[in-house]
1. Tell me, Y158, Y177 in order of fewest to most beta-carbon neighbours within 10 Å?
2. Taking other Cβ within 10 Å of each residue's Cβ, how do T83, T34, T331 sort, fewest first?
3. Taking amide H atoms as placed 1.01 Å from N in the peptide plane, list the residues 5 or more away in sequence, or in a different chain, whose amide H sits under 5 Å from that of L97.
4. Which cross-chain or sequence-distant (5 or more) residues have an amide H under 5 Å from the amide H of V272, H modelled 1.01 Å from N in plane?
5. Can you find, among I130, S183, L266, the residue farthest towards the positive end of the dipole of region 3-351? Put +1 on the C-beta of Lys and Arg, -1 on that of Asp and Glu.
6. Quick one: which residues, 5 or more positions from R239 or on another chain, have an amide H under 5 Å from its amide H? H modelled 1.01 Å from N in the peptide plane, none for Pro or chain starts.
7. Across region 260-265, in residue order, what do the Karplus-derived ³J(HN,Hα) couplings come to in whole Hz, using 6.51 cos²θ - 1.76 cosθ + 1.60 with θ = phi - 60° and x for Gly and Pro?
8. Which value, in debye to the nearest 20, gives the size of the charge dipole of region 98-154 about its Cα centre, when Lys and Arg are +1 and Asp and Glu are -1 at the Cβ?
Amino acid sequence: MAKSICLFNHKGGVSKTTTAFNLGWSLADMGKKTLIVDLDSQCNLTGIVLGFEAVGDDKLDAFYKSRDNLTMKPIVEALIDGTAPRTFMETDKGKLLSTKHNNLFLLPGYINVADLDAQISVSLKIASGIPATRNIPGNLPKILQEIAAANKIDYMLYDLSPNVGGLNEVALMSSDYFIVPTSPDYFCLQAVGSLEKNIMKWHREIERFREDNQFDPASFPIKNRPKFIGAIQQRYRPRNERPAKSFREWIDLIRENIDSKLVPSLESIGCVIPRAKLEQALKGTNLKPYDLEQVPDFNSLIAISQKLSKPIFALTDEDIGQVGNIQETMTENRDKFAALFKELAQRVVVLTSH
Ligand SMILES: Nc1ncnc2c1ncn2[C@@H]1O[C@H](COP(=O)(O)OP(=O)(O)OP(=O)(O)O)[C@@H](O)[C@H]1O
Ligand SMILES: [Mg+2]
């Protein structure tokens, strides 16, 4: 079965989407067949893969109409119509969209994916009284798992919006693992507390929903046990190969808060990987649990990367296209990012193995 990993933080703009794409590519580099799933109505992940010109409203619409690719659109429609996942798989002949990496595939987003929010929230709250909607929450992960199985996917990465609606609740609580991208500032520190409260609330809500509807926890697709594998601190300015002092202070504070507030709560509901396992995986680095990686600012490489629908570390010298010192600095940075993302992907594989 494909391993599913959510990239989630309800703080916006912390690199959830960028990390889904980069980590997906790096896992694909390791020979893992990877599916990145765009569950955000902003469709940024879809934009990265298709190229930004393709994502103007009209053009995205044309993409849905003219291509026989599988997208979130028919999935959302099937879920709302109450189509069974099996029936959906038998009738939808859409293929997974390829990317520039032959092991990496995209399930493109849908601007109205948030329609699911209201539907799922209603069914989670009152479903025991309305049999027609009680299957919607479980059918979302079921369809995604069936798609993964039909395509022999090893890893599915879910790119979520920063909302705390029903869609994200089900995506997160049904996934096997989750990663919290974060950036070194006060707002992200604030977000740790509310992230903890939300996950605890979601856990209780799913537990009650399963009981009220007498779903068998062993076979129900929302396992309610997503395991936190760590935070990725992003976008700091480096100095001497480590975060500059002002960023380091925020990084340390956020880590301490995750450690003292989020992790103990997650432990109480079985939603975190063991600390010793992470410590083992971080051996020989400057990182401490529950940091999974630290990613400095991409600077000007990001602009080229977005234009070419490739991660910064996959850019060739030709793609970078500068001369002299600028080229030298940029290719050097590219190589550092390549090593960093390779290490991150290897760590993720180790941490998600039993
Ligand atoms: N390490 C980085 N260095 C520089 N820029 C970055 C880095 N990571 C992400 N960015 C940029 O920061 C912006 C926000 O990133 P991204 O869209 O991935 O965040 P997000 O968490 O998915 O946002 P949202 O909450 O809106 O979905 C983008 O313009 C992206 O290119
Ligand atoms: Mg995003």
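Just so you know, all these numbers are worked out from the coordinates, no wet-lab data involved. This one's a predicted model, so the numbers in the text were calculated from it and none came from an experiment. Methodologically, a virtual Cβ is constructed for each residue, glycine included, from the backbone with ideal geometry; neighbour enumeration extends over all protein chains shown.
1. Y177, Y158
2. T331, T83, T34
3. L70, L106
4. Correct list: F228.
5. Value: L266.
6. A244
7. 8, 10, 6, 4, x, 5
8. About 80 debye.
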